[in-house]
Structures are given as structure tokens and as C-alpha cells.
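Undergrad: If you scroll down you'll find the structure; I have some questions about it.
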Amino acid sequence: MTLLALALAFVLGSIPFSQLVARLRGIDLRSVGSGNIGATNLARALGYGAGALGLILDTLKGAAAVALARALPGDASTPAIQSLAAVLSVAGHAFTPWLGFRGGKGVATGAGAFAVLAPWATLCSVLVFAVVVSVGRMVSLASVLAAAALPVAAFFLGAPRPAIAAATAVAALVVARHRENLVRLVRGTENRLGMGGRA
């Protein structure tokens with residue numbers, strides 16, 4: 001059951017929902033905007049409604065990955081396996097085999113996974129995201145700071161050690177996936193919400 005839980009977590013995470021939504025409108029997200037297959041680029045390409053749909057679906061698949069691991073009998077339901085399922089769901093999103101292992105940045109999928117695994121820490125992370133977006137209108141900066149806040153909040157709120165380790169791994173992955181955004185932030189060329197009339 002453990003291997004099943006982990007395999008399902010990766011497969012669920014690998015479903016490129018935002019790309020599928022864009023494809024229904026005849027658009028390949030890899031060829032527009034930032035080239036990223038996540039919800040932010042979907043919003044740039046098709047507007048906030050489509051972006052919100054992609055965000056919800058990406059969040060739900062992360063939550064489903066951990067919830068399935070928790071529901072399966074035996075060792076699959078332990079905190080360690082649930083935590084590994086969270087990491088694998090984000091990894092599946094970031095390196096989806098259906099698109100040549102080119103995927104999104106894992107923010108929404110990670111939020112969904114940890115909403116089940118460590119809900120209070122996730123709430124703190126979401127609040128960080130909301131404040132940074134409200135003040136600076138930069139999704140990339142908000143994503144990086146929210147990811148960094150997740151393991152810290154998990155530690156201080158007493159989350160299980162496997163969850164803290166998983167949050168640290170996911171935070172590192174999210175930051176790494178934003179490396180180009182971080183370069184643009186340093187240069188002062190990073191896009192803000194509302195630029196270009198979309199996102």
C-alpha cells in the first residue's frame with residue numbers, strides 16, 4: 001500500500017491541469033507568457049477566471065495526494081508516508097512526465113498537500129502570500145516567501161517531524177523553480193499583477 005500511495009501521489013501531481021485548461025482554448029502555455037504551465041501563466045493567457053480554475057485544480061490534486069495516503073490502510077497512512085506523498089505530488093507537478101518533465105512551480109499543489117498535512121502552518125503560509133501580493137503585487141516574491149515560511153511555521157506550530165522535513169524539501173523546490181524570477185526581482189524587471197492587462 002505504501003508504494004501505491006506514493007505512486008498515486010506522483011501521478012496526481014503530474015496532471016497538468018492548467019495546461020489542459022489552456023489546451024481547451026487552443027493555447028499551449030509553454031509557448032506564451034513565461035512558458036510556465038501553472039495557474040499564474042494561465043491567468044496571463046486567458047484571464048483570471050481560467051487562472052482561478054487552474055489554481056483550484058492544482059490545489060485539489062495536492063490535497064488528494066495526501067488524503068489518499070491517509071485513507072489507505074497499513075503503513076501508507078503514517079505521517080512519514082503522508083509527508084512523502086506531499087513532496088511527490090509537488091515533484092510530479094514540477095516535473096510532469098506528460099510534458100517531457102517540464103512542469104510548473106509547485107506552489108498551488110504544495111498548498112493543497114500541506115492544507116491536509118499541516119493545516120495551521122499552511123494557513124500562516126497563505127497569509128504571508130496574501131500580504132506580499134497585496135503590498136507588492138508580485139506573485140513570484142509572494143510564492144517564494146510563503147514557501148520559506150511554511151517549514152518555519154510547521155516547526156513552531158508543532159507539526160510532526162516528517163511534515164517539517166517535507167515542508168523544507170518543498171520550500172527548497174519552490175524556491176529553485178523560481179530562480180529566474182529571483183534574478184528578475186534583483187534586476188527590477190519582474191512582472192507585477194495587472195501588468196499587460198492580465199496578470
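Please treat every number below as a calculation from the coordinates, not as lab data. The structure presented is a predicted model; accordingly, all values stated were derived computationally and were not measured. In this analysis, Cβ positions are derived from the backbone assuming ideal geometry, glycine residues included, and neighbour counts consider all displayed protein chains.
Undergrad: Could you please state, rounded to a whole Å, how far the C-alpha centre of the range 71-99 is from the C-alpha centre of the range 1-63?
TA: Here the answer is 17 Å between Cα centres.
Undergrad: Also, I was wondering about something else. What nm value, rounded to one decimal, do you get for the distance between R192 and R179 when each label is placed 7 Å out toward the C-beta?
TA: 2.8
Undergrad: Averaged across orientations, what area in nm² does the convex hull of the alpha carbons in the range 2-197 project?
TA: Average projection, Cα convex hull of the range 2-197: 10.4 nm².
Undergrad: What length, rounded to one decimal in nm, is gained on full extension from R23 through to F156, with 0.36 nm per residue of separation minus their alpha-carbon distance?
TA: 43.7 nm
Undergrad: Suppose R0 equals 45 Å. What FRET efficiency, 1/(1 + (r/R0)^6) with r the Cβ-Cβ distance, do Y48 and A71 give to the nearest 0.05?
TA: Efficiency at R0 = 45 Å is approximately 0.85.
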